[in-house]
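Q: Shown below is the structure under consideration.
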Amino acid sequence: MSMINEAHKFFLEIRKDPNYSNYIMICSDLLRKQLYQYTKENMTIDRKQLIYLQWILDASESDFYVVTPSQGVFQLISKEIKSAVSFLYCTTLTQATKRILKTYNELIEIIELHSIEKGHGSRIVNKLINLSKEVQLPLALYAETEELVKYYEQFNFNNHGRLGENKEFLMLRIPEN
C-alpha cells in the first residue's frame, strides 16, 4: 500500500473517533491564539509569510480546524471532518524544483489531501490556489499515482515527471498575476 493510501486509511479511521473532534477543536483554538499573537508581535515577519498565516487564521475562523502535526506543517480539517489538507510554506527547495521554477525561492507544498465526499477536496485545493495567487508563490506537491496526477491537472498543476525522493511525480502550479 502506498504512503498516501496509508495516510488516507488513517484519516478514515481517526475521523470516526469521537475524542478526535474534541481534541482538534481544543488544539485548533490554542493554535489560533498562538498564531494571532505571533502575527501581532513579530515585526520582522516577511509580508508573504504574514499573508500566509493570516490566511490560515481566516480559513480556521469558520470552515476548518487548524492543527500543526509537525514543525512548520499546518493541517486544515473541515469542521465536519470530511476533508483535510496538510501543507507547508517552503523556503528550501529541491534542486529540481529550483531548476524548474527559476525565479521563485519559496513555495507552498501540499503534503496530503484527504476527502470522503466529492467536492470537499476540490474546495480545499481551490482555497490553496487563491492563497497562492494572493502571496504570488507556486503550489507544489508530489503525486504517487497517475490517477492523482490527472486529479491535480484539473487544477492546472503541471506534471514535471518522477522527480520525487521515491519517484513520485512533481506537480507544480505557478500563480496567475
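Q: Six or more apart or on different chains, Cβ under 9 Å: which pairs go from a residue in the stretch 71-85 that's under 18 Å from residue 126 (Cα atoms) to one that's among the charged types (D, E, K, R) and part of a strand (DSSP E or B)? Could you list them?
A: Final answer for the pair search is 75/112; 84/112; 85/112.
Q: Can you tell me which residue is surrounded by the most Cβ atoms within 10 Å (Cβ to Cβ) among those in the stretch 105-121 that are farther than 21 Å from residue 52 by Cβ and not basic (Lys, Arg)?
A: Among them, the one singled out is 114.
Listed here are the residues, each with its yes/no results for (1) over 25 Å from residue 172 (Cβ atoms); (2) surrounded by 15 or more Cβ atoms within 10 Å (Cβ to Cβ).
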| site | (1), (2) |
| --- | --- |
| 2 | no, no |
| 25 | yes, no |
| 28 | yes, yes |
| 35 | yes, yes |
| 46 | no, no |
| 59 | no, yes |
| 85 | no, yes |
| 103 | no, no |
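Q: If you scan the stretch 104-118, which residues turn out to be hydroxyl-bearing (Ser, Thr, Tyr) and either modelled with pLDDT under 95 or more than 21 Å from residue 46 (Cα to Cα) (or both)?
A: Within the stretch 104-118, just 115 meets the criteria.
Q: Given the conditions (1) over 30 Å from residue 166 (Cβ atoms); (2) crowded, with 18+ Cβ neighbours inside 10 Å; (3) of a type outside the set (A, V, I, L, M, F, W, C), and given that residue 132 satisfies all but one, which numbered condition is not satisfied?
A: (1)
Q: Follow-up. Restrict the check to the stretch 62-83 and report whether at least one residue is buried (at least 19 other Cβ atoms within 10 Å of the Cβ) and in a helix (DSSP H, G or I).
A: Of the residues in the stretch 62-83, the ones buried (at least 19 other Cβ atoms within 10 Å of the Cβ) are 64-67, 74-78, 83.
Narrowing further to those that are in a helix (DSSP H, G or I): none.
The answer is no, given that none of the residues of the stretch 62-83 is buried (at least 19 other Cβ atoms within 10 Å of the Cβ) and in a helix (DSSP H, G or I).
Q: Moving on to the next point. Can residue 93 be described as part of a loop (DSSP other than H, G, I, E, B) and either more than 18 Å from residue 39 (Cβ to Cβ) or hydroxyl-bearing (Ser, Thr, Tyr) (or both)? I'd like the intermediate steps shown before the answer.
A: Working: part of a loop (DSSP other than H, G, I, E, B): yes; either more than 18 Å from residue 39 (Cβ to Cβ) or hydroxyl-bearing (Ser, Thr, Tyr) (or both): yes.
Taking the combined requirement at face value, the residue satisfies it.
Q: A further question on this structure: Do we have any residue at all in the stretch 73-96 that's touching a helix residue (DSSP H, G or I) at 6+ places or on another chain (Cβ under 7 Å), among the charged types (D, E, K, R) and closer than 20 Å to residue 9 by Cβ?
A: yes
Q: So, in the stretch 15-33, of the ones that are closer than 15 Å to residue 85 by Cβ and either of a type in the set (Val, Ile, Thr) or outside any helix (DSSP H, G or I) (or both), which residue ends up modelled with the highest pLDDT?
A: Taking the stretch 15-33 first, the residues closer than 15 Å to residue 85 by Cβ are 15, 24, 28.
Now restrict to residues that are either of a type in the set (Val, Ile, Thr) or outside any helix (DSSP H, G or I) (or both): 15, 24.
Details: 15: 87, 24: 95.
Out of the qualifying residues, it is 24.
Q: Across the stretch 135-148, what is the number of residues that are surrounded by fewer than 16 Cβ atoms within 10 Å (Cβ to Cβ) and either farther than 18 Å from residue 105 by Cα or touching a Cys at 6+ places or on another chain (Cβ under 9 Å) (or both)?
A: Looking only at that region, the number is 3.
Q: With respect to residue 56, determine if the residue is in contact with a helix residue (DSSP H, G or I) (Cβ under 7 Å, 6 or more places away or on another chain), on the phi < 0 side of the Ramachandran plot and in contact (Cβ under 8 Å) with a residue 24 or more places away in the chain.
A: The answer is no for residue 56.
Q: Still on this structure, please answer the following. Against the condition over 12 Å from the mean Cα position of the chain (by Cα) and assigned to a loop (DSSP other than H, G, I, E, B), how does residue 100 come out, does it pass? Give the derivation first.
A: Working: over 12 Å from the mean Cα position of the chain (by Cα): yes; assigned to a loop (DSSP other than H, G, I, E, B): no.
No; evaluated as a whole, the condition is false for this residue.
Q: Which of the numbered conditions does residue 112 fail, given that it passes all the others? Conditions: (1) of a type in the set (D, E, K, R); (2) part of a loop (DSSP other than H, G, I, E, B); (3) in contact (Cβ under 8 Å) with a residue 40 or more places away in the chain.
A: (2)
The values are calculated or read from the model by the stated rules, or taken from the named source; none is laboratory data. Keep in mind that this is a model prediction, so the values were computed, not measured. Neighbour counts are summed over all protein chains in view; Cβ atoms, including those assigned to glycine, are modelled from backbone coordinates with ideal geometry.
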